[in-house]
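Asks: My structure is below; once you've seen it, I'll send some questions.
The values are calculated or read from the model by the stated rules, or taken from the named source; none is laboratory data. This structure is a prediction, so every number in the text was calculated from the model and none was measured. For neighbour counting, all protein chains shown are included, and Cβ atoms are generated from backbone atoms with ideal geometry for every residue, glycine included.
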Amino acid sequence: MKTRFFNAIAATFVLLLLTSMLLGLTLESNGTELVIQVAEGTRLSWIISGAVIVFLFQFFRNEISQGWQNTRSSMGNAVPTSISEKVKTTSQLSGLKTTALCFLVAGLMIWPFFASRGSVDLATLTLIYIMLGLGLNIVVGLAGLLDLGYVGFYAVGAYSYALLNMYFGIDFWTGLLAGGLLAAFFGFILGFPVLRLRGDYLAIVTLGFGEIIRILLNNLTDLTGGPNGISQIPKPDLFGLEFSRRAKEEGNVPFHEFFGIDYSSGYKVIFLYLVALLLVIATVFVINRLLRMPIGRAWEALREDDIACQSLGLNKTAVKLSAFTIGAAFAGFAGTFFAARQGFISPESFTFIESAIILAIVVLGGMGSQIGTVLAAIIMTLLPEFAREFNEYRMLMFGLMMVFMMGWRPQGLLPMKRPHIEVERKPQGVVSMQSDNLTTSGNQLVREV
Amino acid sequence: MSQPLLEASDLNMRFGGLVAVDNVALRVHSDEIISIIGPNGAGKTTVFNCLTGFYKPTAGTIRFKGEDIAGLPGHKISRKGIVRTFQHVRLFKDMTVLENLLVAQHRHMNTSLLAGLFNTPGFRRSEAMALDKAMQWLERVNLLDMANRNAGNLAYGQQRRLEIARCMVTRPDLLMLDEPAAGLNPKETEELDNLICELRDHHKVSVLLIEHDMQLVMGISDRIYVINQGRPLASGTPESVQNHPDVIKAYLGET
Amino acid sequence: MPESAYYFIQQLLNGLTVGSTYALIAIGYSLVYGIIGMINFAHGEIYMIGSYVAFIVMAGLAMIGIDSVTLMLLGAFLVSIIITSTYGWSIERIAYRPLRGGNRLIPLISAIGMSIFLQNYVRLAQGSKDIAMPSLITGGWTIGPADGFSATLSYMQVLIFVVTFISMTALTLFISRSRMGRACRACAEDQGMTNLLGINTNGIIALTFVLGAALAAVAGVLLGMYYGVINPYIGFMAGLKAFTAAVLGGIGSIPGAVLGGLILGITEAFTAGYFSTEYKDVVAFSLLVLILLFKPTGLLGKPEVEKV
């Protein structure tokens, strides 16, 4: 009892040390002099209530963890699952799932025509983050490489399109391809040397790389416009139909004239949304295929035991490099689209904070999990919009959330379930496999779960 | 005699001042089972690590099918046809048994990105062939029922067998086993004995073996190398090695 | 001597000044890495917090009428060491200890989260704008002719050299002579065995975080006074630079961290002096990448043997 009390007092004291100076006092410039002021009442009351909470928590720590354990175990018991049952449900579900997915996509495509312009615009932004989250998820979640300079590839994509358009006048769709390829190329060039390094070195080197790209963009003023950025980047067109009131390019017809309808800037917003949706669907498709391919299996194997991989003839660097390059390509696509949507880019949009937000999305959603990433991206972009006052605290919460998630649920909210190839054995002992999308030789059947 | 499959000569490995392997030489011919024995810490696993590219030998040559492979990275040596198991089982524990065998076939499969993305017939055929091969070996090592289990959930003896199967699907010419019988019960050891002989007789694989189970070693080896304190002590047929005075001394600790 | 020689000397002095503070921060990375084999990602923020606390203490002392430079310095060092040590300890308890032993990625991400959290915590508490403080210590020695270009060794720079030297000597003595220091070295060799011998390894790990934080605080006070301006974002860059220094010298090695810090400081000063200030960060990072590529163990690091 006594030690408990002292522990609690000590913890409270630590909290007061952490907060009293930095939170309780504020530095103010008064002319040339620097003065300190005692913070206003609300802050002091925060400190005091924080201290009380820490004291109580430490004092009743045993009881709290006991109670937590109990609820956990009772929750665990409530869901009895036998393997056979599980297998059955998943196979029945797969057909249902496809139908549901079709309806979802159809719904998402129709939705913008009934929604307000602002919310469609916001949804487009969310889709960009979904794409970035999915792309980074390949690198971090599937291949287990911590890339803190992901925003660098995003910048490469955005600037490739902006510059190629400025100097050579290429359109969005060519730019999309070029942006993705150039970002992938950068990923390859950077990854080739650094992927031999240990994980934590990789994290810092990629962080440094992201910063180098930003510094270069800021200082190569002649080429990139420096801090002023590049403006008037054209929006995507639909087979040559522009979404502006008047065609900017010679010979092009604006969309509304072609279809003989009244001009509305809403079409442009909806079209951007649809393009983003298309890109996200393509991303999801590609990642789903990758998971079922040898390379997807190699990523997981390498994450588990790289020495065994080497002994089986897998080239560690090549396998990692493929994840790094593919991830970078998606950042490039997202970057190109971002440049087209904003119409204006500057190095400001590509700071480390952006990398951190994308990483937070991956971490929150569950490393490797796609649905998790999508949900996390939605939460992360919508929350600050709905609670404006929250915006100020956004990064603080993200940081806290990352620490908290790693301690509590490192696998994320929706941990990933990789599609495992499974085989069925018929009672007679004949090997047989079945498959939804894999027809195999003879009478063999493979099923994916 | 024909050219040996694997020939190492004057192999040396130093870590700083420590000489772990000192002038070791060995030969493996096609369809042979060769064992390396020696007391604990004699440097047997270090020899393995040098041969398979996990260490870069300080000096010496290693020829495999006439080609110098000393100092090549591990994955390249593996691709030339040498695969190994480890003293402590190294499976991909969170992947299924079947997937362990598919990963091992990575370099034999159609890994083209586009073929995989569009699920082309060529890609599907490659996947199906890999599955076939995996199933054959699972049947051989009697793990067919476990195909969908996570490898980490298998019993120890099963994990050992899976590790051998995982090596075999890579279609090696030389299989190197690091203490495969460690921790197995007598019945499992006997099965292992049969399996190793079958690999040589029916699958055209030579086997290089580190093992402490003398009954197993003496029973199946064509030739034996004895290493003590990093140096070669004796070599020859099981009988000659068994009666070699230095070997008896090293094992019984006489001076 | 020609003007260019004085210019060169000036750049060298500036480089050594900044480099020795990099070395102080880099030691924190090396200490922690030497024992748990992980990078303390939030270390740069500790340095930033050290600067803020120092400014608060000095401003506070000035307000209550104490304007002796010695007292202000002592107060700033003492309080910021105490506060940052508490931060270092808390970071270990919250972001590292509960996650030890699992996937290496997990503590790394949690430490990045911690770093983001601390940066924004200070931003919200103290505002995001630059805070400037008039220099306490002015003047210096001039080397070279009175007319024309000359090099200056300011008293502030001398203070930085002296304090850095004292801190490093103290740390080296502590590690090599004291019981705790011996336990630290044992822990770096083999944590499991040290634990079996009845040494509280958890305590030792916490101690390395505290020691690292204390040195970062010293660097924070010194650099804060040297530049005279701080903001909540200085920790990010300083952390990266110091990490580069630690890797350059060989992470895990304390003399290596010092050497790396000095080399990096001088390289940066010369880049800024002869090329362009904008690119000094690029040069620092390029140095990091090159070192990792060609000599990942750094200048004074021990090679690691991979166990199969």
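Asks: If you scan region B:44-101, which residues turn out to be within 10 Å of chain A (Cβ to nearest Cβ), in contact with a Pro (Cβ under 8 Å, 6 or more places away or on another chain) and surrounded by fewer than 21 Cβ atoms within 10 Å (Cβ to Cβ)?
Replies: If the condition is that a residue be within 10 Å of chain A (Cβ to nearest Cβ), in contact with a Pro (Cβ under 8 Å, 6 or more places away or on another chain) and surrounded by fewer than 21 Cβ atoms within 10 Å (Cβ to Cβ), then B:81 is the only one that fits.
Asks: Given A:126, A:174, which one is in contact (Cβ under 8 Å) with a residue 24 or more places away in the chain and in the same structural domain as residue A:227 (by TED's automatic domain parsing)?
Replies: None of the others qualify; the one that does is A:126.
Asks: Would you tally the residues in region A:354-384 being in a loop (DSSP other than H, G, I, E, B) and surrounded by fewer than 20 Cβ atoms within 10 Å (Cβ to Cβ)?
Replies: Final tally of qualifying residues: 0.
Asks: Now for a separate question. Out of curiosity, is residue A:405 within 13 Å of chain C (Cβ to nearest Cβ), modelled with pLDDT under 85 and within 15 Å of the chain's Cα centre (by Cα)?
Replies: It is false that residue A:405 is within 13 Å of chain C (Cβ to nearest Cβ), modelled with pLDDT under 85 and within 15 Å of the chain's Cα centre (by Cα).
Asks: Hey, among the residues in region C:276-290 that are touching a residue at least 24 places away in the same chain (Cβ under 8 Å) and either aliphatic (A, V, I, L, M) or touching a strand residue (DSSP E or B) at 6+ places or on another chain (Cβ under 6 Å) (or both), which one's surrounded by the fewest Cβ atoms within 10 Å (Cβ to Cβ)?
Replies: Applying the filter and picking the extreme gives C:287.
Asks: Among the residues of region B:227-249, is there at least one that is basic (Lys, Arg), assigned by TED's automatic domain parsing to the domain that holds residue B:34 and at pLDDT 90 or above?
Replies: There is no residue in region B:227-249 that is basic (Lys, Arg), assigned by TED's automatic domain parsing to the domain that holds residue B:34 and at pLDDT 90 or above.
Asks: I'd like to verify a number: residues in region B:1-13 that are assigned to a strand (DSSP E or B), of a type outside the set (Gly, Ala, Ser) and surrounded by 16 or more Cβ atoms within 10 Å (Cβ to Cβ), how many?
Replies: At the first step, the residues of region B:1-13 found to be assigned to a strand (DSSP E or B) are B:6-13.
Cutting the leftovers down to of a type outside the set (Gly, Ala, Ser) gives us B:6-7, B:10-13.
Subsequent filtering for residues that are surrounded by 16 or more Cβ atoms within 10 Å (Cβ to Cβ) retains B:6-7, B:11-13.
Within region B:1-13, residues that are assigned to a strand (DSSP E or B), of a type outside the set (Gly, Ala, Ser) and surrounded by 16 or more Cβ atoms within 10 Å (Cβ to Cβ) number 5.
Asks: Quick one: which residue in C:239, C:228 is among the small types (Gly, Ala, Ser) and buried (at least 22 other Cβ atoms within 10 Å of the Cβ)? Explain how you work it out, then say what you get.
Replies: Numbers: C:228 fails: buried (at least 22 other Cβ atoms within 10 Å of the Cβ).
Going through C:239, C:228 in turn, just one is among the small types (Gly, Ala, Ser) and buried (at least 22 other Cβ atoms within 10 Å of the Cβ): C:239.
Asks: Would you confirm whether any residue within region A:332-353 is touching a Ser or Thr at 6+ places or on another chain (Cβ under 6 Å), within 12 Å of chain C (Cβ to nearest Cβ) and more than 25 Å from residue A:120 (Cα to Cα)?
Replies: The answer is no, given that none of the residues of region A:332-353 is touching a Ser or Thr at 6+ places or on another chain (Cβ under 6 Å), within 12 Å of chain C (Cβ to nearest Cβ) and more than 25 Å from residue A:120 (Cα to Cα).
Asks: Sticking with this structure for a sec: Is it true that some residue in region C:249-265 is over 18 Å from residue A:204 (Cβ atoms), part of a loop (DSSP other than H, G, I, E, B) and away from chain A (no Cβ under 13 Å)? Don't jump to the end; show me each part of the working.
Replies: Step one: of region C:249-265, the residues over 18 Å from residue A:204 (Cβ atoms) are C:254-255, C:258-259, C:262, C:265.
Narrowing further to those that are part of a loop (DSSP other than H, G, I, E, B): none.
No, region C:249-265 contains no residue that is over 18 Å from residue A:204 (Cβ atoms), part of a loop (DSSP other than H, G, I, E, B) and away from chain A (no Cβ under 13 Å).
Asks: State the number of residues belonging to region A:291-306 that are in contact (Cβ under 8 Å) with a residue 60 or more places away in the chain and among the aliphatic types (A, V, I, L, M).
Replies: Of all residues in region A:291-306, those in contact (Cβ under 8 Å) with a residue 60 or more places away in the chain come to A:291-292, A:296, A:299-300, A:302-303.
Now restrict to residues that are among the aliphatic types (A, V, I, L, M): A:291, A:302.
So the answer is 2.
Asks: Sort out which residues of region B:14-32 are in a strand (DSSP E or B) and either touching a residue at least 60 places away in the same chain (Cβ under 8 Å) or polar (S, T, N, Q) (or both), and write them in order of number. Spell out how you get there, then give the answer.
Replies: Start the filter on region B:14-32 by keeping residues that are in a strand (DSSP E or B), which leaves B:14-15, B:18-28.
Residues satisfying the conditions are B:19, B:20, B:21, B:22, B:23, B:24, B:25, B:26, B:28.
Asks: What are the residues in region C:105-151 that are more than 9 Å from every other protein chain (Cβ to nearest Cβ) and without any contact (Cβ under 8 Å) to a residue 60 or more places away in the chain, if any?
Replies: If the condition is that a residue be more than 9 Å from every other protein chain (Cβ to nearest Cβ) and without any contact (Cβ under 8 Å) to a residue 60 or more places away in the chain, then C:138, C:139, C:140, C:141, C:142, C:145, C:146, C:147 are the ones that fit.
Asks: Another question, if that's okay. Within region C:202-212, is even one residue without any contact (Cβ under 8 Å) to a residue 40 or more places away in the chain, more than 12 Å from the chain's Cα centre (by Cα) and farther than 26 Å from residue C:19 by Cβ?
Replies: Looking for residues that are without any contact (Cβ under 8 Å) to a residue 40 or more places away in the chain, more than 12 Å from the chain's Cα centre (by Cα) and farther than 26 Å from residue C:19 by Cβ, one finds at least one in region C:202-212, hence yes.
Asks: Sort through A:154, A:150 and tell me the only one that's in contact with a Leu (Cβ under 6 Å, 6 or more places away or on another chain) and either at pLDDT 80 or above or surrounded by fewer than 11 Cβ atoms within 10 Å (Cβ to Cβ) (or both). Quick ask: steps written out before the conclusion?
Replies: Details: A:154 fails: in contact with a Leu (Cβ under 6 Å, 6 or more places away or on another chain).
Testing whether each residue is in contact with a Leu (Cβ under 6 Å, 6 or more places away or on another chain) and either at pLDDT 80 or above or surrounded by fewer than 11 Cβ atoms within 10 Å (Cβ to Cβ) (or both) leaves just A:150.
Asks: Another one. Pairs, please: C-beta under 8 Å, at least 6 apart or cross-chain, first residue not assigned by TED's automatic domain parsing to the domain that holds residue B:167 and in region B:140-156, second modelled with pLDDT under 85?
Replies: none
Asks: Give the number of residues within region A:4-56 that are hydroxyl-bearing (Ser, Thr, Tyr), in a helix (DSSP H, G or I) and within 15 Å of residue C:56 (Cβ to Cβ).
Replies: Looking only at that region, the number is 2.
Asks: Out of all the residues in region C:268-291, which are farther than 18 Å from residue C:223 by Cα, touching a helix residue (DSSP H, G or I) at 6+ places or on another chain (Cβ under 7 Å) and more than 13 Å from every other protein chain (Cβ to nearest Cβ)?
Replies: C:270, C:273
Asks: Just checking, how many residues over region B:200-224 are exposed (fewer than 14 other Cβ atoms within 10 Å of the Cβ) and of a type in the set (D, E, K, R)?
Replies: 2
Asks: Continuing with this model, one more query. Output the number of the condition that residue B:116 fails; it satisfies all remaining conditions of (1) more than 20 Å from residue A:309 (Cβ to Cβ); (2) within 11 Å of chain A (Cβ to nearest Cβ); (3) surrounded by 21 or more Cβ atoms within 10 Å (Cβ to Cβ).
Replies: Only one criterion in (1) more than 20 Å from residue A:309 (Cβ to Cβ); (2) within 11 Å of chain A (Cβ to nearest Cβ); (3) surrounded by 21 or more Cβ atoms within 10 Å (Cβ to Cβ) is unmet by residue B:116, namely (1).
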